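Report on the following structure.
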Amino acid sequence: MSVNETTLCQHITIAVLPPTCLSPACSKSLTAIEHEEDVFTDNEESEIPKERSKKTSWKKQLSNLKFFIYFFMWLGCCYLLMSSKEKVHQLHQLSIQKGLTTEYIINGEPQDGRIRIYIGGAILPKYYANLSTHWINVYIQMIETINCPRNEPAIKPSNVKNIENVTEVWRIPSVTKDLIGIVPEVSQTKVFTLNTTILRETPHHFLQICLNTNLGENLPISLGYNSEPIDTDAGVIYAAFVLLGLYVVIIFELLHRTVAAMFACILSLAILAAFNAKPSIEEIVSWIGIDTLMLLFSMMILVTIISETGIFDFMAVQTYKMTGGKIWPLVNTLCVITVLLACFLDNVTTALLITPVTIRLSEVMKLNPVPVLICMIMFSNIGGSITPIGDPPNVIIGSNPDVLKSGVTFMSFTLHMGLGSLLCFIVTNFFLKYYYRDVKSFRHAEPAEIYELKGKIAVWKRTTASVSSYSRDETLVKEKMKQRTAKLVGRLRNTMNNVSTTEEEFCSNLEDLTKQYPIKDVWLLVKSGGTMLLVIGVLFLQSIPSLNTLGMAWTALLGALLVILLYDKDDVVGIFTRIEWSTLLYFAALFILMEALSRLGLIDSIGKQTQIIISSVGPEYRLTVAIILILWVSGIASAFVDNLPLTTMMIKIVKNLSSESELNLPFQPLIWALSFGACLGGNGSLFGSSSNIICAGVAEQHGYRFSFTEFFKVGVPVLIATLSVTTVYLIICHVVLQWNF
């Protein structure tokens, strides 16, 4: 943009300085603003727009209606959250005696005939059930008494009239007695449905939880219960409406996506409160993926400081030189670089690195960055599917103990996924070339001067809004910024009235661009670039199981801390103002939302329906049906819900399917289907992948806003095409050729 970058940075820095530090900076910045204002002519000042005309009556009514809907929904959430107490499930420490049945009396009567039991201790996950010969049996008994009040501390044998089991037996696999006290505690839960007919016909009774084991040793456990579990049948419906409402609000831009996610998050918590399952604040905080937020925050700092050196502008000019100023060679080059980076870095880091370069390059070539970024996102998700460290779902799959025990290594994972991803790359490339066959699609719909002025106005408005009115100096700066914004609007109106509608030719002088975008700070580039290479090198080492390295989040955080220490400039506070706080808040809200929807039963419902369908077909078609269902269900679901909890849930389903002797399904083909679906599903919508959200946030900071529908129009065909190609690939490899190793 033509606005002096140094002056603009001064404005942004002022917006975040505390009152005690404002006066010198304000004086300097105000001088710069007043000097820049002299550039405007009296004619432009006269063009400052006056207050716009009032909206039409129907628009006012629609706006008022929207306000009242939000307000009453907010009131409803407040009422539900205030009228419900936090549900705290107390765990009781018991010991199941050798050769005996341990009993625990339940206080209160289940209201709807259901009770959820929590068991924790030296037990195995259910998908290890076929590997254990030791069990814990859990069931519920009804004790019929003779006029025995419930407040009695103990039941006398003389008052017991009848004892009857009212539930089936829940069998939990346990470890061997040698491993008690060594293995970490594992917990499992189950909802028991009681025989309500017997309970109603028995006026005086108690319920007790019975536990016994064949371990041949005393087994300490943690026991908890909830006599009012969530009705998941109704919960799934509410969860689906919340998720659908969130996407409607985002698609039609009724609210900013961060505000919409926060609202949906609070609404889902209110629904949990209505089901008498209101979580505590500590529990809600535990739902947030701190590792993910720490990784994003740290990489944002690294990229922000590196951008101060001008390296992204320099790389953009060099890429422009390599491609000869041609659009498709440019797009292809960016996409290949994106795929290579996404293979070995997670695609979130790839998006943070490549998005600024793409935006700078598009501005140099006078292109609209949005369609170029859409192409880049598509290939980022495809590239992330190739290796077990390229995409968060692959990290979950590749580090799963069952997957590792099945013989999956880094190389075998890359080989199986790489061949299919190559086909997806080719198909996606052909589709995008067809979709954007008219090169005008990459250009701005308006003349470059108008689009630049609009972007400039958006940046100034956002900067003005970030300045508080805490002190007199800040108020003065804010007023100056408002005047500058108004003058820019006046210039925009004048330009729109006088500029011709013909588009400028896409052509620039390479020598001028090279002079305009040099490396600004070589020493800072060496320090920050070296730190980035160090971080990337350590991230590469994550794929070596024998090395005891830090996690990705800690590695990135330590790298961010080092680059801040090496920054050696006074305006460090300004670096933190350029962090995508709204994006981080959006991620935090999504983590809470998805866990709440999971507790309402939405994600489990998807998995159970998948398992039922696979079990219903003939043995000769089960592998084909299993591959298709797992691929398409995970792919479509990942386009609309967070693929991390979905992958965590689906991998359990895959293990259960492969463990069923009746189904006789090999494990690895189902794993590849899940990995392809979870990764490629990110192309289905703007919020289907973490990298999509990061890219959209960075672009918005540069004044380029993504449209959900614009991305959706491209993403859905790409999703369908890549899933179709992957379906054929998996069936040929694993059903026809039986490449199941």
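The values are calculated or read from the model by the stated rules, or taken from the named source; none is laboratory data. All values reported here derive from a predicted model rather than from experimental measurement. Every residue, glycine among them, receives a Cβ derived from its backbone with ideal geometry; neighbour counts consider all protein chains shown. Heads up: the accessible areas ignore ligands, DNA and RNA and are worked out on the full protein's heavy atoms, side chains in. Shrake-Rupley method; radii C 1.70, N 1.55, O 1.52, S 1.80 Å.
Details
- A simple count of charges around I198, restricted to other residues whose Cβ falls under 12 Å of its Cβ and scoring Lys, Arg +1 and Asp, Glu -1, yields -2.
- Heavy-atom accessible surface of K569, to the nearest 10 Å², is about 80 Å², with a 1.4 Å probe and all protein chains retained.
- Whether region 207-305 is rounded, prolate or oblate, judged on the alpha carbon gyration tensor where a/c under 1.5 counts as rounded: oblate
- Computing FRET efficiency as 1/(1 + (r/R0)^6) for T189 and T577, where r is the C-beta to C-beta distance and R0 is 60 Å, gives about 0.85.
- Theoretical FRET efficiency, 1/(1+(r/R0)^6), r = Cβ-Cβ of S63 and K713, R0 22 Å, to 0.05: 0.20
- Near H134, the amide H atoms lying under 5 Å from its own belong to S174; only residues 5 or more places off or on other chains count, and H is placed 1.01 Å from N.
- Given K608/K655; K440/K713; K608/K713; K177/K655; K405/K655; K366/K520, the pairs whose alpha carbons are separated by over 20 Å: K608/K713; K177/K655; K366/K520
- Test item: Cα-centred dipole of region 608-741, Lys/Arg +1 and Asp/Glu -1 on Cβ, debye: 60 debye
- Each residue, L534 and L561, gets one label point 7 Å from its Cα in the Cβ direction; the gap between the two is 1.2 nm.
- Legend: calculated FRET efficiency, M322 to T409, from the Cβ-Cβ distance at R0 = 41 Å, rounded to 0.05, equals 0.70.
- Computed over every Cα-Cα pair of region 82-123 and binned at 10 Å starting from 0, the pair-distance distribution P(r) comes out as 16, 46, 28, 8, 2 percent.
- Near the amide H of K278, within less than 5 Å, lie the amide hydrogens of K87, all on another chain or at least 5 residues away, with H placed in the peptide plane.
- Area of I630 that stays accessible when all protein chains are in place (1.4 Å probe, Å², to 10): 0 Å²
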